[in-house]
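See structure below.
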Amino acid sequence: MSFRKIVTLAVLGGVTLGLIGCGGSKGANDPFADSSEGIKPVSGFYGEHMSSEEELGLLNKKIVYFAYDSNNLTQADMRLLNVHAKYLLDHPKLDMRIAGHTDERGSREYNIALGQRRADAVARYLESKGVPANRLHTISYGKEQPVDLGSGEQAWAQNRRAVLEYEDK
């Protein structure tokens, strides 16, 4: 299929879904709070093909998990971030704060740096999808804010993450 046909189909699909509407819940820092016109679909925007329900589900996920001692994004992470990139592009009054976290292993200094690499990896990916860098704010908490205080792989896996938070400008 040619690029022109893909773009045409994406635009037509977006118009159709826009007319149908995909409203969401409203609330503080909720990505749907300012979307009285409904969410514009991601499907087709980055070559993704997903239902509105799947898209809403991904938009509500705001955590990217990482493997041990890694800041590499998986295909699933990229799919999740595609939805958030499109949402940011459609809502220019929103910025995103990306907080990097690590598990308890390693020194404080090492983990602050690793958390920053994780936050930066997410920001770079969003930038590659067209989100301006000045709308993305990164911070690292290293191992200082665990969500699971246990020791062991299950706890550590929950703590190796980057958290996405929408912010009004």
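Structure values in brief
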item	result
Filtered residue count, the stretch 110-157, keeping only those that are closer than 15 Å to S70 by Cα and touching a residue at least 60 places away in the same chain (Cβ under 8 Å)	2
In the stretch 111-120, the residues that are more than 10 Å from A99 (Cα to Cα) and either at pLDDT below 95 or surrounded by 21 or more Cβ atoms within 10 Å (Cβ to Cβ) (or both)	N111, L114
Checklist (1) under 30 Å from S52 (Cα atoms); (2) touching a Pro at 6+ places or on another chain (Cβ under 9 Å); (3) buried (at least 19 other Cβ atoms within 10 Å of the Cβ) applied to K169, failing item	(3)
Residue selected from the stretch 25-74 under the condition at pLDDT below 80 and of a type in the set (K, R), by the criterion nearest to E127 (Cα to Cα)	K40
Any hit, the stretch 76-90, residues being assigned to a loop (DSSP other than H, G, I, E, B) and either within 14 Å of the chain's Cα centre (by Cα) or within 16 Å of A162 (Cβ to Cβ) (or both)	no
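The values are calculated or read from the model by the stated rules, or taken from the named source; none is laboratory data. On a predicted model such as this, the values are computed, not experimentally measured, just so you know. Every residue, glycine as well, gets a Cβ built from its backbone with ideal geometry; the counts of neighbours run over all protein chains shown.
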